[in-house]
1. Given axes a ≥ b ≥ c from the Cα gyration tensor, I'd like to know whether the stretch 16-56 is rounded (a/c under 1.5), prolate (a/b larger than b/c) or oblate.
2. Go ahead and estimate [θ] at 222 nm for the chain from helices alone: -39,500 (n - 2.57) per DSSP H run with n ≥ 4, summed, over the residue count, rounded to 500.
3. Please report the relative contact order for the stretch 1-100, taking Cα pairs under 8 Å with a sequence separation of at least 6, and give it as a percent rounded to a whole number.
4. Give me the compactness ratio for the stretch 103-222, meaning the Cα radius of gyration over 2.2 N^0.38 Å.
5. List every residue whose amide H lies under 5 Å from the amide H of PHE135, counting only residues 5 or more places away in sequence or on a different chain, with H placed 1.01 Å from N in the peptide plane.
6. Report, in debye and to the nearest 20, how large the dipole of the chain comes out about its Cα centre when Lys and Arg carry +1 and Asp and Glu carry -1 on their Cβ.
7. Where is the GNM fluctuation largest for the chain (alpha-carbon springs, 10 angstrom cutoff): ALA64, ALA152, ALA79?
8. With the cut-off at 1.5 for a/c, could you classify the chain from its C-alpha gyration tensor as rounded, prolate or oblate?
Amino acid sequence: MKLLVTGGAGFIGSNFVHRTLAKHPEWKLVVLDKLTYAGNLKNLEPELGEGRCEFVQMDICDRAVLDPLRGCDAVIHFAAESHVDRSIEDASAFVRTNVDGTYNLLQACREAGVPRLVHVSTDEVYGSLGDEGLFSEESPLQPNSPYAATKAASDLGVLAYVHTHKLPALVTRCSNNYGPYQFPEKFIPLMIAQAMAGERLPVYGKGSNVRDWVHVDDHCAALDVVLQQGREGEVYNIGGGCEMRNLEVAKLILKALGKSESLIQFVTDRPGHDLRYAINCEKLGREFGWQPQVQFDQGLADTIAWYRDNQQWLNDVRSGQYRDYFQKHYVQREKTFAQ
C-alpha cells in the first residue's frame, strides 16, 4: 500500500507513522504537513531516512495537494487545527484548515480517484454529556467550541461526499489522546512539563471536567483496523473506557514525579467548557474485535517517562527551537539530494 498521511508531523499523525512503518514493512508512506507550530519534523526521525517515508511540506488548502495524492491507495486525514483555547481566541485558522482544507482534500481525492479516505475527527463534535450516558455514533452533533464546530462541519462534508459523489470515505471520532510527541499546550503534557520544572499546574475551574482518555497507540491501532476493514460511509467511535477528572490526572502526575499538590493552581474556567465526554466504542469491538489495550496507569507512567527521557525534545518545543529543525536539517538534505 502507498498511503498519504496528512498532518503526519503532528502528535497523533507521527505516532501513526511510527506504528505503520513498523507493522507494515511493505507499505510506503507520503507524509504531508504544513509544519505549523504543532508540526515537528523531528517527530518523524529516523523514519525519513529509511526510504519508505517521503515528506512533503504543503498546506491542505493548496490545490497542488492533488499531486502527492496521485498513485496513493489510501489517505488518512489527520491535518487539523485542534486546540480549543486557540479557537476561542481566533477561529479563522480553524475554519480555513478544518473546513476549507478538508473540502479541498475531498475534491482532490475525487479527481485522483483515491480508493479510500479515513477522516480522523473528535468526540468533541457531540458536545457535552451530563453525569451519565455515553456518546454513540448515532448521538446528535452539538459542538460547543469553535474548534468542535469546524470538525463537525468537516465530518458532515466527508459524509456528504460519500452520499453524493460516492467517495469511498469514512469518519472516526476519538476521545482525548495522550502519549509521546504531544505538543505541551495539551493537558497531560502541559501538566508533566510544568511539574518537571517545578512550576504551577494551571487547572481550569475546579478541575471537575471529565474526559475519556485513550493512549495514542490504541488510537493508531484502531485507525489501522478501520483503514483496512472499515465500511464506507460509516462513523466509528474510538475511546479508552477511562473517565478521569482533570484534577485527578494532575494529582497522579504530581505523585509520579514526587511533587507537591500545592503546585496545582486553579485558573478561570474556559468559556463554554464542556463538562464531560465519554465514548461508546462497542461498534469497533463488535465489527473488528478492537479493544483498547493500554491501561491508563501504565500509559500515564510510560508517557511521563518519555517526556523525562526526551527533555531536549521538550525544551526545544517549549523554546520554539524545534521550528529551526526543518531549515537546518531537512531543507539542506533536500538540496543535497537535488545536486
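1. Details: a/c = 2.07, a/b = 1.90, b/c = 1.09.
Prolate shape, in that a/c is at least 1.5 and a/b is the bigger ratio.
2. Working: 12 runs with 126 residues, N = 339.
Only helices count here, giving -11000 deg cm²/dmol.
3. Working: 157 pairs, mean separation 33.2, N = 100.
The normalised contact order for the stretch 1-100 reaches 33 percent.
4. 1.28
5. It is ALA278, ILE279, ASN280, by chain and number.
6. Values: 35 positive and 44 negative charges, 110 e Å.
That gives the chain a dipole magnitude of about 520 debye.
7. ALA64
8. Values: a/c = 1.62, a/b = 1.19, b/c = 1.36.
The shape class here is oblate.
Readers should treat all values here as calculations from the given coordinates under stated rules, not as data from a laboratory. All figures in this text were calculated on a predicted structure; none of them were measured in a lab. Neighbour counts run over all protein chains shown; Cβ positions are idealised from the backbone, glycine included.
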